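For reference, the structure discussed in these notes is given below.
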């Protein structure tokens with residue numbers, strides 16, 4: 001009986017020591033030591049890199065042969081800073097921003113940069129090629 005009592009005290013002592021270790025070291029250190037029980041490690045899934053606006057492209061469409069106005073700000077009364085011909089492929093830098101009943105994208109074409117109404121821009125998906 002004395003032996004079983006002594007073994008019981010040893011088990012209780014070991015459990016108490018583990019509880020103290022959990023409180024003192026925290027789960028991170030215990031994981032590093034391989035002491036966490038009942039936890040199944042699963043690999044972290046690789047996130048697909050979302051397409052950021054600066055890597056997106058758009059093509060000027062449906063202008064009826066006129067140029068698409070490039071504006072200094074995303075609104076109709078903003079200063080026109082340039083024009084883009086139908087078929088021009090631009091880099092999308094920001095947007096969309098809603099103003100004056102339109103969605104606006106900030107785009108860059110060469111050294112020119114400004115805002116265009118989305119109605120005349122076709123966002124090119126990564127698997128898609130610009131239309132000619």
Subset of the stretch 95-108 [under 24 Å from the mean Cα position of the chain (by Cα) and in contact (Cβ under 8 Å) with a residue 24 or more places away in the chain]: 95, 104, 105, 106, 107
Near pairs, Cβ below 6 angstrom, 6+ apart or cross-chain, from the stretch 47-71 (over 16 Å from residue 86 (Cα atoms)) to any residue that is in a loop (DSSP other than H, G, I, E, B) and modelled with pLDDT of 95 or more: 71/78
Scope the stretch 122-132; condition part of a strand (DSSP E or B) and either surrounded by fewer than 17 Cβ atoms within 10 Å (Cβ to Cβ) or modelled with pLDDT of 95 or more (or both); matching residues: 122, 123
Qualifying position, being in a loop (DSSP other than H, G, I, E, B) and in contact (Cβ under 8 Å) with a residue 40 or more places away in the chain, among 114, 87: 87
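The values are calculated or read from the model by the stated rules, or taken from the named source; none is laboratory data. None of these values were measured; they are calculated from a predicted model. Glycine gets a Cβ as well: all are built from the backbone with ideal geometry, and neighbour counts include every protein chain shown.
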